[in-house]
Amino acid sequence: MTDRATELAENLHTVENRISSACAAAGRSRDEVTLIVVTKTYPASDVRLLHGLGVRHVAENRDQDAAPKAAACADLSLTWHFVGQLQTNKVRSVVGYADIVQSVDRLKLVSALSAAAVRADRETGALIQVALDADSGARGERGGVAPDGIGELAAAVAEAPGLRLDGLMTVAPLAGPYAGRQRAAFERLLELSSLLRADHPAANMVSAGMSADLEAAVSAGATHVRVGTAVLGVRPRLG
Ligand SMILES: *Cc1c(COP(=O)(O)O)cnc(C)c1O
């Protein structure tokens, strides 16, 4: 193995142990939690190494970087997640490679994604991104809809041709009542998920938890954790 492959293998092993321990502590089976490796700012060669190490889910947050990376890895069997704030003018490109867009947070984005998915003859999974620090009716600074906006968006996704409503995503808030309280934030997301599932039983994905707080997410019941730094290293630039 190259040095980089060895480094990634060791980091993955550590993250895998963290997830397994968190599952055991929560009385959950390891296969209830899917690891998504966030490869943003890292090259396609890392994605290829990760695939060789058994990773099957990767995430990106900027279309400019993600589109060429996904194209360079098109021969690999990978599920691509888009987790960044998404402008409608990027939607056509994103739908070309993303299997799941985790950052759906406004009606205009739902209609743009739907139109692009239909045009590309794709079914794109959609998670509603929830901003637990946003005021009623507002959106979060880092994207996401306030909890009271979930129902309307979910109904729109469920009706939109080309889209499949898969569940909810959040990033632990840095401000507001949940600042520094990741566990409470993720438990709130799980409550919102059970309300959503009352109307949309198949929308059972709950994407929460990153390198620093994946244990809290697993403990609260997340089905997907999104881990970047702990696998790939500290990013060379903000992203
Ligand atoms: C970058 C990013 C992650 C991963 O964060 P790390 O702290 O590097 O694990 C997870 N989710 C989203 C939405 C991100 O943008």
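The values are calculated or read from the model by the stated rules, or taken from the named source; none is laboratory data. Note that the coordinates shown come from a computational prediction; the quantities given were computed from them, not determined experimentally. Here the Cβ is made from the backbone with ideal geometry for all residues, glycine too, and neighbour counts use every protein chain on show. Areas reflect the complete protein model, heavy atoms only, side chains present, ligands, DNA and RNA absent. Shrake-Rupley method; radii C 1.70, N 1.55, O 1.52, S 1.80 Å.
Applying the criterion of being touching a residue at least 60 places away in the same chain (Cβ under 8 Å) and of a type in the set (Ser, Thr, Tyr) to the residues of segment 26-40, the residue that is nearest to SER219 (Cα to Cα) is THR34. Kindly indicate the residue of segment 194-219 that is assigned to a helix (DSSP H, G or I) and within 15 Å of the ligand (Cβ to nearest atom) and also nearest to ALA66 (Cα to Cα) among those meeting that condition. Checking each candidate, the answer is LEU214.
Taking the conditions (1) surrounded by 20 or more Cβ atoms within 10 Å (Cβ to Cβ); (2) more than 13 Å from the ligand (Cβ to nearest atom); (3) within 15 Å of the chain's Cα centre (by Cα) in turn, VAL227 satisfies each one other than (2).
Out of SER111, SER103, report the one residue that is assigned to a strand (DSSP E or B), among the polar types (S, T, N, Q) and either open to solvent by less than 70 Å² (accessible area, probe 1.4 Å) or out of contact with any Pro (no Cβ under 6 Å at 6 or more places or on another chain) (or both). Give the derivation first.
On the way: SER111 fails: assigned to a strand (DSSP E or B).
The match here is SER103.
What is the number of the single condition among (1) open to solvent by 50 Å² or more (accessible area, probe 1.4 Å); (2) at pLDDT 95 or above that ARG139 does not meet? Failed condition: (2). Restricting attention to segment 61-74, does a residue exist that is open to solvent by less than 30 Å² (accessible area, probe 1.4 Å), farther than 24 Å from VAL206 by Cβ and part of a loop (DSSP other than H, G, I, E, B)? Yes, there is a match, as at least one residue in segment 61-74 is open to solvent by less than 30 Å² (accessible area, probe 1.4 Å), farther than 24 Å from VAL206 by Cβ and part of a loop (DSSP other than H, G, I, E, B). The residues of segment 75-98 that are within 16 Å of the ligand (Cβ to nearest atom), open to solvent by 20 Å² or more (accessible area, probe 1.4 Å) and either within 22 Å of VAL15 (Cβ to Cβ) or not polar (S, T, N, Q) (or both), listed by number, are THR79, VAL83, LYS90. Among the residues here, ALA222 qualifies as crowded, with 16+ Cβ neighbours inside 10 Å, assigned to a loop (DSSP other than H, G, I, E, B), of a type outside the set (D, E, K, R) and in contact with a strand residue (DSSP E or B) (Cβ under 9 Å, 6 or more places away or on another chain).
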